[in-house]
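The values are calculated or read from the model by the stated rules, or taken from the named source; none is laboratory data. Computed from a prediction, not measured in an experiment: that's the story for all the values here. Because the Cβ atoms are built from the backbone with ideal geometry, glycine has one as well, and the counts that use them run over all protein chains shown.
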Amino acid sequence: MSFKVQDTVIKPGTTDRGYVKIGDASTHEVKLPYIVINGAKKGPTVTILGGVHAVECAPVEAIYRLAEKISPDQLSGTLILVPIVNTEGFHARKPYHNQLDHLNQNKVFPGDPEASITKRVAYHVFEHFVSKSDVLVDAHSADLGEDVTRGIFVYKTDKKKLFDKMVELASLYNPALIETTNISGNTGEAVNKYGIPCLMIESGAPYPIRETDVQYHYDGAVNLLRHLGMLEGESASYHPPLDPPSKRVWAVKGGVWRRKIEAGQRVKKGEELGTVCNLIGETIQTAYAPMDGVISFLRVHYSVSSGDSLCWVAKA
Ligand SMILES: [Zn+2]
């Protein structure tokens, strides 16, 4: 079946790369890049988003590799890749927000075609791609000053069948654990609006982009496409824990976080995780692991304030 993006008709067995016009900044046009690989054979439609947060680039690299490797001849169904959703943050190399209206792209879904640029981007992502999809993958890494590896979130919903489907699909990424979230305005609004499974992948840190995280995003996507019958080959299955107990370790006072751990590292209860010192080098806090587990979130900013999370340890 042909796939349409605005006036462009993408025939089965072909790939199209293009842009959807969003609006204009004072100096340039704002446009949303896409790559649609329309398989020669019938099958489901999957959308993978990258760059919703503009410096989270491990998934962006994975998306370009998927586009290079997957030919429409070998695909059953349609794979929609949006490598960089927040292009305004991307060119400015700025974290968190779109530079034009200072909104967080992942707080404004399902968007509004007549509002400011960030909301328009959200609207067009849903209108042209997500509304036509059977599965949505929103691929992130940690944002500036944070680090996460092999993480994944699924969205809370009362619809048990849909929730179970999301857990089944999330497991295909072989995450360390699966966490649930119900923050409104993120891409999980697709669960409410279209009743489709939505996964939010979290692996990587802004710079440098680690190859292991790119590979996590890439391998997970390929495994998902195999599981859905869109690519040939057996899918591997994994059984990560769902919402295991986890504990936050935080800065008691502001200072300098001199960590001794990496994201994804396994730690033992009582193990030293690092210290916080004041600006004249005196240690004011030694952080210890509250239980055996894995570092599921790590602050990598050197500067911390009272109450900042230094890390999370999850029993996984
Ligand atoms: Zn993000």
So T283 ticks every box in (1) crowded, with 17+ Cβ neighbours inside 10 Å; (2) at negative phi; (3) in contact with a Lys or Arg (Cβ under 9 Å, 6 or more places away or on another chain) but one. Which box is left unticked? (1)
Selected residue [under 22 Å from L199 (Cα atoms), among the small types (G, A, S), more than 16 Å from the ligand (Cβ to nearest atom) and in contact (Cβ under 8 Å) with a residue 24 or more places away in the chain] from G51, G43: G43
Counting only residues that are touching a residue at least 24 places away in the same chain (Cβ under 8 Å) and surrounded by fewer than 24 Cβ atoms within 10 Å (Cβ to Cβ), which one in the stretch 81-92 is nearest to S2 (Cα to Cα)? I84
Determine whether D308 is closer than 30 Å to L81 by Cα, modelled with pLDDT of 95 or more and either in contact with a strand residue (DSSP E or B) (Cβ under 6 Å, 6 or more places away or on another chain) or surrounded by fewer than 21 Cβ atoms within 10 Å (Cβ to Cβ) (or both). no
Is it the case that the stretch 67-76 has a residue that's buried (at least 16 other Cβ atoms within 10 Å of the Cβ), within 13 Å of the ligand (Cβ to nearest atom) and assigned to a strand (DSSP E or B)? no
Scan (1) outside any loop (DSSP other than H, G, I, E, B); (2) in contact with a His (Cβ under 9 Å, 6 or more places away or on another chain) for the single condition K42 breaks and write down its number. (2)
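Of the residues E56, E61, which is outside any loop (DSSP other than H, G, I, E, B) and under 24 Å from H217 (Cβ atoms)?
Numbers: E56 fails: outside any loop (DSSP other than H, G, I, E, B).
Matching residue, one of E56, E61: E61.
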